[in-house]
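Here the structure comes first, spelled out in structure tokens, and everything after it is commentary.
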Amino acid sequence: QVQVVESGGGLVQTGGSLRLSCSASGRTFSMYAMAWFRQAPGKERDFVAAISPSGRITHYGDSVKGRFTISRDYAQNTVYLQMNSLKPEDPAVYYCAATSASTPSSYYPNQYDYIYWGQGTQVTVST
């Protein structure tokens, strides 16, 4: 019932910034917790950030705390990931995902709790 589409990936210099967007279909966007995960070549998919349905609660992976910010725009049915101070370790395919409002926020880092997934957008960091 929810279609998730990421955009905004591209090439950015080390130390630079990039904003990813995730558009979700449906009137019930505000009822879902939204999250970003990423997967680098040859590595497992890692948790990046998540935001509660109300936007009141946010969680971040340890590697991105203080650098990345997740937010949501209810009018546009869109969640954003603002990435600042990008590092060589950040390049990956970034995936947007959605889970039910019944999911406790402590579960947000668990990828298996997410129901809907986008196809990913590539982020490349140059030196």
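The values are calculated or read from the model by the stated rules, or taken from the named source; none is laboratory data. Keep in mind the model is a prediction, meaning the values are calculated, not measured. Virtual Cβ from ideal backbone geometry, glycine too; neighbours counted across all protein chains shown. Note: accessible area is taken over every heavy atom of the protein model, side chains too, but ligands, DNA and RNA are not part of it. Shrake-Rupley method; radii C 1.70, N 1.55, O 1.52, S 1.80 Å.
Residue 127: in contact with a Ser or Thr (Cβ under 8 Å, 6 or more places away or on another chain) and β-branched (Val, Ile, Thr), yes or no?
It is true that residue 127 is in contact with a Ser or Thr (Cβ under 8 Å, 6 or more places away or on another chain) and β-branched (Val, Ile, Thr).
Among the residues in region 62-73, are any closer than 19 Å to residue 112 by Cβ and not in a loop (DSSP other than H, G, I, E, B)?
Within region 62-73 (the criterion being closer than 19 Å to residue 112 by Cβ and not in a loop (DSSP other than H, G, I, E, B)), the answer is no, since none of the residues qualifies.
If I go through region 104-123 residue by residue, how many of them are in contact (Cβ under 8 Å) with a residue 60 or more places away in the chain and of a type in the set (Asp, Glu)?
0
For region 59-103, enumerate the residues that are open to solvent by 60 Å² or more (accessible area, probe 1.4 Å), more than 20 Å from residue 27 (Cβ to Cβ) and without any contact (Cβ under 8 Å) to a residue 60 or more places away in the chain.
Within region 59-103, 62, 65, 66, 69, 89 qualify.
Answer yes or no: is there a residue in region 104-113 that is buried (at least 18 other Cβ atoms within 10 Å of the Cβ), in contact with a strand residue (DSSP E or B) (Cβ under 7 Å, 6 or more places away or on another chain) and among the acidic types (Asp, Glu).
No.
Hey, does region 91-100 have a residue that's part of a strand (DSSP E or B), touching a helix residue (DSSP H, G or I) at 6+ places or on another chain (Cβ under 6 Å) and β-branched (Val, Ile, Thr)?
Taking region 91-100 as the starting set, the residues that turn out to be part of a strand (DSSP E or B) are 92-100.
Filter once more, so that each one left must be touching a helix residue (DSSP H, G or I) at 6+ places or on another chain (Cβ under 6 Å): 99.
Applying the additional criterion that residues be β-branched (Val, Ile, Thr) yields 99.
The answer is yes, given that some residue of region 91-100 is part of a strand (DSSP E or B), touching a helix residue (DSSP H, G or I) at 6+ places or on another chain (Cβ under 6 Å) and β-branched (Val, Ile, Thr).
Name every residue in region 4-28 that is over 13 Å from residue 86 (Cα atoms) and over 15 Å from the mean Cα position of the chain (by Cα), in order of residue number.
25, 26, 27, 28
State all residues of region 101-121 that are in a loop (DSSP other than H, G, I, E, B), out of contact with any helix residue (DSSP H, G or I) (no Cβ under 8 Å at 6 or more places or on another chain) and closer than 15 Å to residue 58 by Cα; if no residue qualifies, say none. Show your work before the answer.
Applying the first criterion (in a loop (DSSP other than H, G, I, E, B)) to region 101-121 yields 101-104, 108-110, 114-115, 118-120.
Now drop any that are not out of contact with any helix residue (DSSP H, G or I) (no Cβ under 8 Å at 6 or more places or on another chain), which leaves 102, 104, 108-110, 114-115, 118-120.
Those that are in a loop (DSSP other than H, G, I, E, B), out of contact with any helix residue (DSSP H, G or I) (no Cβ under 8 Å at 6 or more places or on another chain) and closer than 15 Å to residue 58 by Cα: 104, 108, 109, 110.
Taking residue 49 as meeting all but one of (1) over 16 Å from residue 6 (Cβ atoms); (2) in contact with a Ser or Thr (Cβ under 8 Å, 6 or more places away or on another chain); (3) crowded, with 16+ Cβ neighbours inside 10 Å; (4) not acidic (Asp, Glu), write down the number of the exception.
(1)
Can you pull out the residues in region 14-28 that are under 12 Å from residue 123 (Cβ atoms), assigned to a strand (DSSP E or B) and open to solvent by 50 Å² or more (accessible area, probe 1.4 Å)?
Within region 14-28, 19 is the sole residue that qualifies.
Among the numbered conditions (1) hydrophobic (A, V, I, L, M, F, W, C); (2) open to solvent by 60 Å² or more (accessible area, probe 1.4 Å); (3) in contact with a helix residue (DSSP H, G or I) (Cβ under 7 Å, 6 or more places away or on another chain), tell me where residue 31 comes up short.
(3)
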